[in-house]
1. Residue by residue through the stretch 333-350, which ³J(HN,Hα) values in whole Hz follow from phi under the Karplus form 6.51 cos²θ - 1.76 cosθ + 1.60 (θ = phi - 60°), with glycine and proline marked x?
2. Please report, to one decimal in angstroms, the Kirkwood hydrodynamic radius of the stretch 164-274 built from all distinct Cα-Cα pairs.
3. Can you tell me the relative contact order of the stretch 198-243? Whole percent, Cα pairs under 8 Å, sequence separation 6 or more.
4. If we count other beta carbons within 10 Å of each Cβ, what is the order of Tyr257, Tyr229, Tyr99, Tyr30, fewest first?
5. If each DSSP helix of 4+ residues adds -39,500 (n - 2.57) and the sum is divided by the residues in the chain, what number results at 222 nm, nearest 500 deg cm²/dmol?
6. Please build a GNM for the chain, connecting alpha carbons under 10 Å apart, and tell me which residue among Leu133, Leu59, Leu296 fluctuates the most.
7. Can you give the local net charge around Gly300? Use residues other than it whose beta-carbon is closer than 14 angstrom to its beta-carbon, Lys and Arg +1, Asp and Glu -1.
8. Report the label-to-label distance for Gln260 and Glu184 in nanometres (one decimal), using points 7 Å from each Cα along the Cα→Cβ vector.
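FYI, it's all coordinate maths here, none of it is from the lab. Keep in mind that what you see is a predicted model, and the values were worked out from it rather than measured. As a convention, Cβ positions derive from the backbone with ideal geometry for all residues, glycine included, and neighbour counts pool all protein chains shown.
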Amino acid sequence: MKRFSIWMITILLLLGLTACGQKVETAQIYAMDTVMDLTACGRDAEEALSRTEQQIYQLEALLSRTRETSEISAVNRSAGSAVEVEKAVSGLILTAQMYAEKTEGCFDITIAPVVSAWGFTADHYQVPEQKTLDALLTLVDSSRIRVEESSVQLAAGQSADLGGIAKGYVSDCAESIFRAEGLESGLVSLGGNVFALGTKPDGSAWRIGVKDPQRAEGFVGILSLQNAYAVTSGGYQRYFEEDGTVYHHIIDPHTGYPAQSGLLSVTVVAAANGAVAETLPEPGNGTMCDALSTALFVMGEEQALEFRRESGLDFELVLVTEGGRVVVTEGLSDAFAPDEGGNYVYETVS
Ligand code: AMP
Ligand code: MG
């Protein structure tokens, strides 16, 4: 299957090469626990990819909490005291705090100790005791983080996990570099986080599959997107099973348990930022899609749709429910093509 997809991509890219008459470059790297595929089309495609790769490694070195030398690890180790950080780190934490507030705590980076108690940080999975969870949940509240431009201070005992937002920010950075290099076409695919710049080299929209959470190689549908972000969160992406129960990696900060909201996956789609930054950019719509995909998975269908209508944030959704429905918001009705192979019932909603 992997070999097949590589061939497919190669063929598509060769077709693209003739169509746009410009260089198409691809790269695959492994960073942030994720296989990342980068495609760039344009005169400076090679330079764009090499700058993006370097940027990704640099961000991983700042933001990964499993790396002892990262800035976020220093912040976590020194909880209770302020730690000097790069502006990109304080900016991302400030943005995470803002999404925690907007989503009434459904997204909260201070969920870290709870994520660790379930073993998702070190891959030693276990079901924690209720009293352990109760104690750790008292630490979960990102409004207690003090953020200045050049320093961050967690409350004593807290720790922060940027795993639910970091790849979104990486995609914002990739957009900025692609645009700075003058590219008009490209695709950045970081696991469940995708950024589509322009159209494919042949002028058609980029096609992004929304995975079927219940069929390993299947899709619930295909999104045709240009200049957009699409980020998916799902319980199927990381989980373990104990005594016949499945426990996944998206934790409801209100219970300390893997969220059981009736959703199997949430895909958030929003427009590209359109901006170029000389240095690391401010978090944009890539970051928003990432934070919201996690938060709305915790909320569940009804609350997620209400949040979309009332938050004042501009985004569209594809929700896959446990009940076998695929719920698509109206802004995607032209962009989303169902794949009937999975026996889902499709609905368009406002
Ligand atoms: P994502 O795949 O973007 O939905 O992010 C999931 C990752 O974010 C998990 O592996 C945890 O590291 C972290 N996480 C889990 N639950 C939450 C939550 N409610 N809020 C913020 N981050 C979370
Ligand atoms: Mg996320």
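1. Result, rounded to whole Hz: 4, 7, 7, 9, 10, x, 10, 6, x, x, 6, 8, 9, 9, 9, 10, 10, 8.
2. Kirkwood hydrodynamic radius for the stretch 164-274: 15.4 Å.
3. 33
4. Tyr30, Tyr257, Tyr99, Tyr229
5. Theoretical 222 nm ellipticity from helices: -10500 deg cm²/dmol.
6. It is Leu133.
7. -4
8. For the pair Gln260/Glu184, the computed spacing is 5.3 nm.
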